[in-house]
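Q: Below is a structure I'd like to ask you about.
Throughout, read-outs are computed from the coordinates displayed, never taken from laboratory work. This is a predicted model, so every value here is computed, not measured. Cβ: placed from backbone, ideal geometry, glycine included. Neighbour counts: every protein chain shown.
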Amino acid sequence: MARTPAILLVEDNPDDALLVSKAAQATLAGIPVSIVTNGAEAIRYLQGDGPYAERALHPFPDIILLDLNLPLMNGFEVLHWIRSQAGLKRLPVIVLSGSLLPEDTQRAYEAGANSYLVKPVDLSGMLQTIKNMGDFWLRGTRLPDATD
Amino acid sequence: MMEQSTVLLAEDDPDDVLLTRLAFEKARLANPLQVVRDGVELVAYLQGDGRFSDRNKYPLPILLLLDLKMPRMTGFQVLEWLRNHPEHQGLSVAIMTSSDQDPDISRAYDLGADSYLIKPPDAEALLALVQRLHAYWVIVDHPLETCPA
């Protein structure tokens, strides 16, 4: 991949967002993590609406880390929307949720999630999760061409 | 947690099977690696047909490493079969193939593959890949609970 990969984090809880950012800074050197705080904003970001048209500042993501419990539009709705868009249907979406409920895992996979991660509660757990996630998805995996 | 989670490899090339087994051993993974040699045998395994009905010996896997070019039933056909069998929705599927052709990559994701890996060129790279696979799919990914068949 010629350009630096980028991650979009959709997370409304500022503490969790900070934890993910810190973990990414520590373990995924130089990979930018953009953050939006609700589902509707995630869609604007992906569509390149308004300020998000500036892709140098708001890079189109290679993977999305998606919380489920979000204001305006929840994670399931965002997933359904992504999978219904011709240019986004293959974009890897990794759910990062506080929920251990089997029905949430099931709904997420049904809606087209590539993977489901349970949010670690502390920084050391988050460091491991984000590192393993980055090693696999950004160093090991052939990502789809989302644009055709 | 999930220390004994089974990984199932569907691969017809005996050399690749051997290399993958060695990589799992060398990585000192507790995960039992099960192997099927084509798509038909894979379906039998998942359905618990014949000898595969012994779930102590052949547990349902949490991760499937799926080759694309296999006799009798290809990896693409397996993906289609899985799509029609939602009881296996919790199975994470990583394609592991030598094809880096964009149409194959797109088709695999369209058919529901969770990720797509190119077979590494040597044993050292394969070991590194197996370690990343384990670190992600077994340690941090949260699998959907599968009902015992």
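Q: Give me the inter-chain shielding for A:97-105: mean count of other chain Cβ atoms within 10 Å, whole number please.
A: What the average comes to for A:97-105 is 2.
Q: Over the whole of B:131-140, what's the average partner chain Cβ count within 10 Å per residue? Rounded to a whole number, please.
A: The mean count of partner-chain Cβ atoms within 10 Å per residue comes to 6.
Q: Classify region A:1-142 from the C-alpha gyration tensor, please: rounded if a/c falls under 1.5, else prolate or oblate depending on whether a/b exceeds b/c.
A: On the way: a/c = 1.31, a/b = 1.02, b/c = 1.29.
Cα axes put region A:1-142 in the rounded bin.
Q: Return the lysines within reach of B:Lys119: Cα separation strictly under 20 angstrom, same-chain partners fewer than 8 residues apart disregarded; answer none if there are no such residues.
A: B:Lys119 reaches B:Lys26, B:Lys69.
Q: Please state the shape class of region B:22-82: rounded when a/c is under 1.5, otherwise prolate if a/b exceeds b/c and oblate if not, all from the C-alpha gyration tensor. Walk me through the numbers before you get to the answer.
A: Working: a/c = 2.23, a/b = 1.28, b/c = 1.75.
Because a/c hits 1.5 or more and a/b fails to exceed b/c, region B:22-82 counts as oblate.
Q: Further question: Using Cα pairs under 8 angstrom and six or more residues apart, how large is the relative contact order of chain A, in percent?
A: Relative contact order of chain A: 25 percent.
Q: Another question, then. Setting aside same-chain residues fewer than 8 positions from A:Lys119, which aspartates and glutamates have a Cα under 13 Å from its Cα?
A: Qualifying aspartates and glutamates at Cα under 13 Å: A:Glu11, A:Asp15, A:Asp16, A:Asp67, B:Asp141.
Q: Please list, or write none, the aspartates and glutamates whose alpha carbon is within less than 18 Å of the alpha carbon of B:Lys57, excluding same-chain residues fewer than 8 places away.
A: B:Glu3, B:Glu41, B:Asp49
Q: Relative contact order for chain B: what percent, with Cα pairs under 8 Å and sequence separation of 6 or more? List each step's numbers first, then the result.
A: Values: 222 pairs, mean separation 39.1, N = 149.
Once normalised by length, the contact order is 26 percent.
Q: Return the average number of partner chain Cβ atoms within 10 angstrom of each residue Cβ along peptide B:106-117. Don't skip to the answer; put the middle values down first.
A: Working: counts 6, 1, 3, 10, 3, 0, 3, 3, 7, 10, 7, 4.
For peptide B:106-117, the averaged partner shielding equals 5.
Q: Take the alpha carbon atoms of the protein assembly as shown, find their radius of gyration, then divide it by 2.2 N^0.38 Å using N residues; give the quotient. The partial results should precede the final answer.
A: Working: Rg = 18.6 Å, N = 297, 2.2 N^0.38 = 19.1 Å.
Rounded to two decimals, the normalised Rg is 0.97.
Q: Here's a follow-up. Using the C-alpha atoms of chain B, what convex hull volume per residue, in cubic angstrom, is computed?
A: On the way: hull volume 15.8 nm³, N = 149.
Per-residue hull volume (Cα only) is 106 Å³.
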